[in-house]
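What follows is a structure written as structure tokens; I'll ask about it next.
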Amino acid sequence: MVYLDYAATSPLLPEVIKAMHEAEEKYFANASALHTPGHLSMNKIEEARKLLAKLINAEPDEIIFTSGASESNNTVIRTFEGHKIITSPLEHHSVIETAKVLGGDEKPVLYSYMLANNEIGEILPIKDIAKKAHKEGGFVHSDLTQTLGKLPLDVKALDLDYATFSAHKIGGPIGVGALYIRKGVPFEPLIIGGSQEKHRRGSTYNTVGIAGFGAALKYVLDHKTWEIYDTKVRALRDELASRILKEVPGSSLNTELDGEKSLPNILNVSFEAAEGESIQLYLDAEGIIVSTGSACASGDIKPSHVLMAKTGDAEVAHSSIRFSFGLDNTKEDVEKVMAVLPGIIERLQKISTIERKIK
Ligand code: PMP
């Protein structure tokens, strides 16, 4: 199998599997308990918290663990319920939909802008947005889910008040995330009724999941994965892009390859007169795993809101495929894609021509 859907979720790192097995056996006790096994569980959680703090240049106390990026996003937006919430049109649905329901007119304003988008990889000027927000007396939140491990990160240098993370995009388990909350900024817990996380997030600590997240964070730090993404992974992504443009008629890129403009591991391409879902299924039959726009939106017949915001063209959106690379991909994977993709697109374009004639 050639897996090119890392932006949707990534396989568990062997280090993560090992850490989670160990936690299941050794750190089963409730981490809030005052007895020794409870302390051991809590130590494991604090280890992971310190690793994330180190990776993003925060204080461990400024981080809480959550059930994932969706919860982290919801938590920040809920804190600003009734306030004016300004988001980019490229945000994940867990920001856009929550802001729609909870946003109002009160001040201070919350700006919620991701640093990098999950569908096309676009990098947004978050430092400028933070400057503007703070000048107005507002606050800034950034969904860093796709950025963790892919770019060097420093929440202080970016001047963020809140930042969202998820474990499963970096080889950790699904169902674990984190939220950075800068010291002194407004905060309302989403889950009330527990003293965990210093009353900032109720519910028994997910020790096994957090231990897995910790192991993935350690991997990122030990290997400086953002450097591997910038070199090896970027080269593979760019190679696939240039070969597609050369070898597949009617192809056009929705990702700007320029170093400053996109994440190094995401490539979104549209194929004229070929439907994204059909391309995905034909590639799947060849053992090549990709996604159409965003997995979160699939099953939804509406075109991707991100591609619509960028292109305003439903045909472009419906004919798009996202290739997202991980650390394990090789040149051979690019070869395997290019061995079948031109034929698949040609066939689909022919069918489309026949359909048009019949109509
Ligand atoms: N934000 C972004 C940018 C994402 O890519 C995703 C995952 N598709 C999420 C939020 C949601 O993450 P989780 O699955 O951890 O809730």
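Look at H199 and say whether it is within 13 Å of the ligand (Cβ to nearest atom), in the same structural domain as A31 (by TED's automatic domain parsing) and not aliphatic (A, V, I, L, M). If you could, list the steps in order and put the result at the bottom.
Working: within 13 Å of the ligand (Cβ to nearest atom): no; in the same structural domain as A31 (by TED's automatic domain parsing): yes; not aliphatic (A, V, I, L, M): yes.
So H199 does not fit the description; no.
Further, regarding this structure: Is it true that M1 is away from the ligand (no atom under 16 Å from the Cβ), closer than 30 Å to E335 by Cα and out of contact with any helix residue (DSSP H, G or I) (no Cβ under 7 Å at 6 or more places or on another chain)?
Numbers: away from the ligand (no atom under 16 Å from the Cβ): yes; closer than 30 Å to E335 by Cα: yes; out of contact with any helix residue (DSSP H, G or I) (no Cβ under 7 Å at 6 or more places or on another chain): yes.
Answer is yes for this residue.
Results for (1) under 28 Å from N118 (Cβ atoms); (2) touching a residue at least 60 places away in the same chain (Cβ under 8 Å), shown as yes or no for each residue.
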| residue | (1), (2) |
| --- | --- |
| S10 | yes, yes |
| H21 | no, no |
| M42 | no, yes |
| L51 | yes, yes |
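When only residues in region 11-48 that are of a type in the set (G, A, S) and out of contact with any strand residue (DSSP E or B) (no Cβ under 9 Å at 6 or more places or on another chain) count, which is nearest to G212 (Cα to Cα)? Talk me through it step by step, then tell me what you get.
In the first step, residues of region 11-48 are kept if they are of a type in the set (G, A, S); the result is 19, 23, 29, 31-33, 38, 41, 48.
Pick out the ones that are also out of contact with any strand residue (DSSP E or B) (no Cβ under 9 Å at 6 or more places or on another chain) and you get 19, 23, 29, 31-33, 38, 41.
Numbers: A19: 6, A23: 8, A29: 16, A31: 15, S32: 19, A33: 21, G38: 18, S41: 13 Å.
Once the filter is applied, the top-ranked residue is A19.
Further, regarding this structure: Within region 116-129, restricting attention to residues that are in a helix (DSSP H, G or I) and among the hydrophobic types (A, V, I, L, M, F, W, C), which residue is farthest from L217 (Cα to Cα)? Steps first, please.
Within region 116-129, the subset in a helix (DSSP H, G or I) is 126-129.
Still in the running and among the hydrophobic types (A, V, I, L, M, F, W, C): 126, 129.
Values: I126: 23, I129: 27 Å.
Once the filter is applied, the top-ranked residue is I129.
Could you please give the count of residues in region 59-99 that are within 16 Å of the ligand (Cβ to nearest atom) and either assigned to a loop (DSSP other than H, G, I, E, B) or not aliphatic (A, V, I, L, M) (or both)?
Of the residues in region 59-99, 21 are within 16 Å of the ligand (Cβ to nearest atom) and either assigned to a loop (DSSP other than H, G, I, E, B) or not aliphatic (A, V, I, L, M) (or both).
Another one. Specify the residue that is farthest from the ligand (Cβ to nearest atom); the eligible residues are those in region 167-181 that are in contact with a strand residue (DSSP E or B) (Cβ under 7 Å, 6 or more places away or on another chain) and not hydroxyl-bearing (S, T, Y).
Looking only at region 167-181, we keep the residues that are in contact with a strand residue (DSSP E or B) (Cβ under 7 Å, 6 or more places away or on another chain), and these are 167, 176-181.
Filter once more, keeping what is not hydroxyl-bearing (S, T, Y): 167, 176-179, 181.
Working: A167: 7, V176: 8, G177: 5, A178: 10, L179: 11, I181: 17 Å.
So, considering only residues that are in contact with a strand residue (DSSP E or B) (Cβ under 7 Å, 6 or more places away or on another chain) and not hydroxyl-bearing (S, T, Y), the one farthest from the ligand (Cβ to nearest atom) is I181.
Going by the structure shown, is N30 assigned to a helix (DSSP H, G or I) and outside the structural domain of T292 (by TED's automatic domain parsing)?
Numbers: assigned to a helix (DSSP H, G or I): no; outside the structural domain of T292 (by TED's automatic domain parsing): yes.
Answer is no for this residue.
Within region 33-52, can one find any residue that is within 16 Å of the ligand (Cβ to nearest atom), assigned by TED's automatic domain parsing to the domain that holds P173, buried (at least 16 other Cβ atoms within 10 Å of the Cβ) and not small (G, A, S)? Let's see the steps before the verdict.
Of the residues in region 33-52, the ones within 16 Å of the ligand (Cβ to nearest atom) are 48, 52.
Applying the additional criterion that residues be assigned by TED's automatic domain parsing to the domain that holds P173 yields 48, 52.
In the following step, the residues that additionally are buried (at least 16 other Cβ atoms within 10 Å of the Cβ) were identified as 48, 52.
Restricting the remaining residues to those that are not small (G, A, S) gives 52.
Yes, there is a match, as at least one residue in region 33-52 is within 16 Å of the ligand (Cβ to nearest atom), assigned by TED's automatic domain parsing to the domain that holds P173, buried (at least 16 other Cβ atoms within 10 Å of the Cβ) and not small (G, A, S).
A further question on this structure: Taking region 331-359, which residues are of a type in the set (S, T, Y) and surrounded by fewer than 12 Cβ atoms within 10 Å (Cβ to Cβ)?
At the first step, the residues of region 331-359 found to be of a type in the set (S, T, Y) are 352-353.
Of everything in region 331-359, just one residue is of a type in the set (S, T, Y) and surrounded by fewer than 12 Cβ atoms within 10 Å (Cβ to Cβ), namely T353.
The values are calculated or read from the model by the stated rules, or taken from the named source; none is laboratory data. Bear in mind the structure is a predicted one, so any value in this text is a computation, not a measurement. Backbone-built Cβ (ideal geometry, glycine too); neighbour counts: all protein chains shown.
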